[in-house]
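Enquirer: Starting off with a structure, shown below.
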Amino acid sequence: MLNLAPYSFFNAFNYKPPLVGFASIGYKDSVRNIEETGEFGWNLATRPLAEAMNQSCAAVGPEVDEFQLAGLTPEPSRVIGVPRVKETPVSFECRLSQILRLTGADGTETDTWMVFGEVVGVHIARHLLKDGVYQTADAEPILRGGGPADYFGISSDTFFQMYRPK
């Protein structure tokens with residue numbers, strides 16, 4: 001069945017090649033599926049999709065279609081075999097580069113798996129591009145806060161620019 005999973009511990013790690021990754025606390029269906037297929041999709045969680053995203057984290061078995069559970073539409077990807085979320089304005093198609101089991105400073109293995117993938121396909125809604133630059137706030141992304149139910153939105157009210165020193 002189709003798998004969705006919101007991961008709070010997600011980030012971009014490299015420019016060339018473009019590498020993204022997430023940490024899965026526990027060896028979950030997502031990690032197993034990625035290990036088996038060698039690919040995964042990343043879909044931006046936005047304020048309009050917050051409730052659907054939350055539904056997709058229900059503890060259900062691998063036989064449950066999580067797109068259907070969340071009321072989302074699978075859209076065929078262009079490069080990889082797994083679908084992306086049609087309703088999201090931004091998604092990445094990724095090929096697995098590494099899966100690492102994290103360890104503590106003393107070398108003790110944790111029950112957390114870091115999954116890295118190379119971005120091989122990018123989908124950005126045209127209305128989010130201005131002069132070829134992605135307008136982050138216009139997508140209304142959400143991010144996890146410190147508490148168990150805390151989330152924040154990104155808005156243009158908090159936007160500022162700061163160039164690196166030469």
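Enquirer: Which loop chymotrypsin sites (Phe, Trp or Tyr not before Pro) in the stretch 63-166, with loop taken from DSSP, have no more than 11 other Cβ atoms within 10 angstrom of their Cβ?
Expert: Sparse-neighbourhood loop chymotrypsin sites (Phe, Trp or Tyr not before Pro): F159, F160, Y163.
Enquirer: Could you tell me how far the Cα centroid of the stretch 92-143 sits from the Cα centroid of the stretch 13-86, in Å?
Expert: Going from one Cα centre to the other spans 11 Å.
Enquirer: Next question. Who wins for biggest fluctuation among T110, T136, T37 in a Gaussian network model of the chain, springs between alpha carbons below 10 Å?
Expert: Largest GNM mean-square fluctuation: T110.
Enquirer: For the stretch 33-163, what does the relative contact order come out to in percent, with C-alpha contacts under 8 Å and a separation of six or more?
Expert: Here the relative contact order equals 23 percent.
Enquirer: Please check which bits of the stretch 3-30 a label hung off T112 would reach, taking the label as a point 7 Å along Cα-to-C-beta and the cut-off as backbone N under 16 Å.
Expert: The answer is 7-12, 21-28.
Enquirer: Could you list the GluC sites (Glu not before Pro) in the stretch 49-153 that lie in coil according to DSSP, counting only those with at most 11 other Cβ atoms within 10 Å of their Cβ?
Expert: For GluC sites (Glu not before Pro) across the stretch 49-153 that sit outside H, G, I, E and B with at most 11 neighbouring Cβ atoms in 10 Å, the list reads E63.
Each value in this text was obtained by applying a stated rule to the coordinates, not by laboratory testing. What you see is a predicted model, and the numbers here were worked out from it, not measured in a lab. Here the Cβ is made from the backbone with ideal geometry for all residues, glycine too, and neighbour counts use every protein chain on show.
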